[in-house]
Amino acid sequence: MATRHHARMAVVSLLYAYDLGNGNTSEHADEILEEKKIRNKQKDFALTLYDGVMENLEACDKAIVEHLKEWDFERIGTIERATLRLAAYEIMFGELDSAVVINEAVEITKAFGSEQSPKFINGVLDALSKDSSTSSE
């Protein structure tokens with residue numbers, strides 16, 4: 001049975017496909033999730049996350065860019081950008097504690113990204129999280 005971690009990994013895959021120019025990813029999200037055996041509550045969770053990221057893509061990207069140190073947003077790897085977008089959305093608009101979101105993003109990056117990716121993802125999201133928590137107080 002799929003877990004929320006599996007659902008998040010599937011969402012990163014959807015965002016990755018979108019970023020590669022597959023603009024019709026939303027139309028095929030159900031099929032892609034079914035293929036990855038993401039069903040029922042986890043499917044609903046994944047679709048909610050994916051739709052949320054897509055609806056708030058500009059805000060997520062802006063928040064990420066604000067926390068990049070000496071990095072150009074367009075030079076970030078596609079998988080890392082997809083992971084950052086999902087985590088930024090969850091930090092900014094979700095209910096979960098930021099530490100849990102960051103840990104999930106780091107774990108996803110360990111599975112999909114390069115050796116240096118987890119440290120990079122952690123640094124950007126930690127800065128975003130700290131900034132997000134001070135602006136919401």
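The values are calculated or read from the model by the stated rules, or taken from the named source; none is laboratory data. Computed from a predicted structure; not experimentally measured. With ideal geometry, Cβ positions are generated from the backbone for all residues, glycine too; neighbour counts draw on all protein chains shown.
Some values worked out for this structure:
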| read-out | value |
| --- | --- |
| Residue list for the range 90-118, filter: touching a Ser or Thr at 6+ places or on another chain (Cβ under 9 Å) and either loosely packed, with under 14 Cβ neighbours inside 10 Å or of a type in the set (Gly, Ala, Ser) (or both) | SER98, ALA99, ALA105, LYS110, GLY113, SER117 |
| Test: GLU90 is at pLDDT 95 or above, within 12 Å of ARG8 (Cα to Cα) and more than 10 Å from the chain's Cα centre (by Cα) | no |
| Selection from the range 58-110 of residues that are farther than 19 Å from TYR16 by Cα and among the basic types (Lys, Arg) | LYS69 |
| Cβ-Cβ under 6 Å pairs, at least 6 apart or on other chains, the range 100-119 side in contact (Cβ under 8 Å) with a residue 40 or more places away in the chain, far side acidic (Asp, Glu) | SER117/GLU80 |
| Members of the range 44-55 that are farther than 10 Å from VAL11 by Cα and among the charged types (D, E, K, R) | ASP44, GLU55 |
| Check on SER26, buried (at least 19 other Cβ atoms within 10 Å of the Cβ), farther than 24 Å from LYS130 by Cα and under 17 Å from the mean Cα position of the chain (by Cα) | no |
| Considering residues of the range 28-41 that are within 26 Å of ILE76 (Cβ to Cβ) and of a type outside the set (A, V, I, L, M, F, W, C) only, the residue modelled with the highest pLDDT | LYS36 |
